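Okay, so here's the structure we're looking at.
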Amino acid sequence: MRLTTKGRFAVTAMIDVAMHGEHGPVTLSAVSERQKISLSYLEQLFAKLRRHGLVESVRGPGGGYNLARGAETVSVADVILAVDEPIDATQCGGLENCLNDHRCMTHELWSGLNAHIFSYLRSVTLAELVSQQESRAKGEPVVVRDHRPPSSRSTEPVTA
């Protein structure tokens, strides 16, 4: 499985809007400049994000984009799925026709990996990612929440 630039850029841009949106709408030109992402590409991504109810657009002078919901309620999976990024490690795209129109021997392995990846991305919120960026900007250690199932967690905090 490979996450393309579409998913990466969409998540990056949403973090940017979450970080800079407390004082009003964030322009895509500002996001483009800060994150070095093409403005036309951002426009395409934000059209999809708006259609999926993740951002709201504000027209006119001082316009731009705001998060449509609180950053603590928007997961990375929400963002990736909104821009049509597949989260799929199977060769067949989940159709179970990998090998001469039949399920291949490793289909369950890759399907299981898909479930773990999706679960992880669903558990990470924009608020967490914003908090990590703010800690990094202050020179503080970045604490990463342990997203593993309780049975496989260690008791030590994870830092990045």
Next on the checklist: I'd like the distance separating the alpha-carbon centroids of segment 39-55 and segment 60-84, in whole Å.
Outcome noted: 8
Item to check | Cleavage-rule hits, trypsin sites (Lys or Arg not before Pro), segment 10-56, DSSP coil, Cβ neighbours within 10 Å at most 12 | outcome: Lys36
Checklist entry - Can you sort Met19, Met14 so the residue with the fewest Cβ neighbours within 10 Å comes first? => result Met19, Met14
Checklist outcome for this item: Checking Val17, Val83, Val58 against a Gaussian network model of the chain (alpha-carbon springs below 10 Å), the top fluctuating residue turns out to be Val58
Checklist outcome for this item: Calculating percent of Cα pairs over 26 Å apart from this structure picks out, from [x] 48; [y] 37; [z] 33, entry [y]
Checklist outcome for this item: The residues Leu54, Leu113, sorted from fewest to most surrounding Cβ atoms within 10 Å, come out as Leu113, Leu54
Next on the checklist: Under a crude label model (7 Å from the Cα following the beta-carbon direction), how far is Asn100 from Arg59 in nanometres?
Outcome noted: 5.9
Item to check | Segment Val142-Arg8, extension gain: residue separation times 0.36 nm, minus the distance between their alpha carbons | outcome: 46.2 nm
Checklist entry - Tell me, what is the FRET efficiency for His23 and Glu43 to the nearest 0.05, using R0 = 25 angstrom and their Cβ-Cβ distance as r? => result 0.70
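No lab work stands behind these numbers, since they all come straight from the coordinates. Only a predicted model underlies this, so the values are computations on that prediction, with no experimental measurement involved. Note that we place each Cβ from the backbone using ideal geometry, even for glycine, and neighbour counts take in every protein chain shown.
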